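Undergrad: Please see the structure below; I have some questions.
The values are calculated or read from the model by the stated rules, or taken from the named source; none is laboratory data. Treat the numbers as computed from the prediction; the structure is a model and nothing was measured. When we count neighbours, we look across all protein chains shown, and the Cβ atoms used for this are built from the backbone with ideal geometry, even at glycine. Note: areas computed on protein heavy atoms with side chains; ligands, DNA, RNA excluded. Shrake-Rupley method; radii C 1.70, N 1.55, O 1.52, S 1.80 Å.
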Amino acid sequence: MNPDSSAPTLAHASEIRRRTVFAEVGCAFWKEEPSLRDAIFLFDPETIREVYVVPNFISEGYFTETVIPRELELNGPITKRASGQLWKYCEPVGNHPMMTELLLQRAREIAPGVRETEASLLIVAHGTNLNDNSAVAAKREADKIRALKRYASVLNVYMEEPPLVSDWKKLTKTPNVVVVPFFVSDGLHSYEDIPVLLGIEKDARGSAAARARSGDIFRRNPHHLRGRSLFYAGSIGTDARFADVIIEQATNMRSVRHGD
C-alpha cells in the first residue's frame, strides 16, 4: 500500500554498506522483494560464515517472535545451517537504549529554540485493542524521558487506544507541543492519519495527502492551533542514526556462541 515504508531500511542498509563494517549487507521484507524466505540464500556460505539478522521493528511482537523466525528457519538466538553458516538473531532496533536519545534529539531538531520546560513531548504509537507491544515500547520511552525532567510533560499517546493523540489539547497545558511518531518509517499513519487526528489537516485525501507525501507536513512547523504551537516530526525510524543502532544490535550478538 505504501512504497515509502521500505525506504528507511534500504537507506540504513546503504549507509552500513558504505562503512564496510560487514562483508555484505542485505535487506529482506515481508511484503516486498527480496522476501524473508529468499533471504536464506542471500549469502554464500563459502565466504560468509556468520549472518546477523537485525529486525527493523520498534518492538518485539508477532513479526519478530513468529514471522521472521519461521520464514528464515531460525530455531533460536543462533541457528546453524547444514552448510555450517551461523545465523545470529538480534534484538529489534526499538529495544536499544539509544532510542531514548534519538527521540530527544528528534524533538530538539524540530523545535529549535523552544524551551523544553515550556513544552510537552508526545510519543505516538499505533495502539490497538489487541496485544500491541509497540504501545508498551512507547510507554517505556515516555517513562525514561519523563524521569529526566526536561519537558514540562511527556506522554505516550496512541491512535487507537487511550490516551488518544486526538485528545492532545486536553492532555497538555503548555504553549508548545512536540509530537514524534514512534514508527520505523513514514507512511499512511504519519503522512495522513496522525495529522488529521492532530488537526493539522482536515482531510487526508487529495491535495492534503499529496502535501504530506512530499514531506511538506514535516516542514511547516510550527502549526498554530487554538493559540498553541504544535511541532510535528517524521517517524523516528527515518533518522539516519538508526544505522548506528542496527550496527550496535549486531555487535551485541558477536560474542554469543552456538550452544550458549
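To keep it simple, each residue is scored yes or no on (1) of a type outside the set (V, I, T); (2) open to solvent by 30 Å² or more (accessible area, probe 1.4 Å); (3) closer than 26 Å to V245 by Cα.
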{"position": "L122", "(1), (2), (3)": "yes, no, yes"}
{"position": "A125", "(1), (2), (3)": "yes, no, yes"}
{"position": "S134", "(1), (2), (3)": "yes, no, yes"}
{"position": "K144", "(1), (2), (3)": "yes, yes, yes"}
{"position": "L155", "(1), (2), (3)": "yes, yes, yes"}
{"position": "E160", "(1), (2), (3)": "yes, yes, no"}
{"position": "F182", "(1), (2), (3)": "yes, no, yes"}
{"position": "L198", "(1), (2), (3)": "yes, no, no"}
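Undergrad: With the requirement that a residue be polar (S, T, N, Q), at pLDDT below 95 and not in a loop (DSSP other than H, G, I, E, B), what does the stretch 1-21 give you?
TA: Hits for the stretch 1-21 are S5, S6.
Undergrad: Which fully enclosed helices (runs of 4 or more DSSP H) of the stretch 207-260 have 2 or more residues being at pLDDT below 90 and over 30 Å from K88 (Cβ atoms)?
TA: Passing ranges, in order: 207-213, 216-219.
Undergrad: Now, a different point. Identify, please: which residue in the stretch 20-45 is touching a residue at least 24 places away in the same chain (Cβ under 8 Å) and open to solvent by 80 Å² or more (accessible area, probe 1.4 Å) and is, among those, farthest from F183 (Cα to Cα)?
TA: Checking each candidate, the answer is A23.
Undergrad: Which ones in the stretch 84-119 are in contact with a Leu (Cβ under 7 Å, 6 or more places away or on another chain) and open to solvent by less than 10 Å² (accessible area, probe 1.4 Å)?
TA: W87, A107
Undergrad: Do the conditions hold for E65, that is, is it out of contact with any strand residue (DSSP E or B) (no Cβ under 9 Å at 6 or more places or on another chain) and over 24 Å from F29 (Cα atoms)? So that I can check it myself, show each step before the final result.
TA: Details: out of contact with any strand residue (DSSP E or B) (no Cβ under 9 Å at 6 or more places or on another chain): yes; over 24 Å from F29 (Cα atoms): no.
No; evaluated as a whole, the condition is false for this residue.
Okay, residues lined up against (1) under 30 Å from N176 (Cα atoms); (2) open to solvent by 40 Å² or more (accessible area, probe 1.4 Å); (3) of a type outside the set (F, W, Y); (4) touching a residue at least 12 places away in the same chain (Cβ under 8 Å):
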| site | (1), (2), (3), (4) |
| --- | --- |
| R219 | yes, yes, yes, no |
| F231 | yes, no, no, yes |
| R241 | yes, yes, yes, yes |
| R257 | no, yes, yes, yes |
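Undergrad: Which one is most open to solvent (accessible area, probe 1.4 Å) among residues in the stretch 72-83 that are polar (S, T, N, Q) and closer than 16 Å to F41 by Cβ?
TA: Quick first cut of the stretch 72-83, residues polar (S, T, N, Q) only: 75, 79, 83.
Adding the requirement that they be closer than 16 Å to F41 by Cβ leaves 79, 83.
Values: T79: 5, S83: 60 Å².
Applying the filter and picking the extreme gives S83.
Undergrad: Go through the stretch 58-71 and give me each residue that's surrounded by 15 or more Cβ atoms within 10 Å (Cβ to Cβ) and at pLDDT 95 or above.
TA: Correct list: I68, P69, E71.
Undergrad: Across the stretch 176-194, what is the number of residues that are hydrophobic (A, V, I, L, M, F, W, C), under 12 Å from I217 (Cβ atoms) and modelled with pLDDT of 95 or more?
TA: The total comes to 1.
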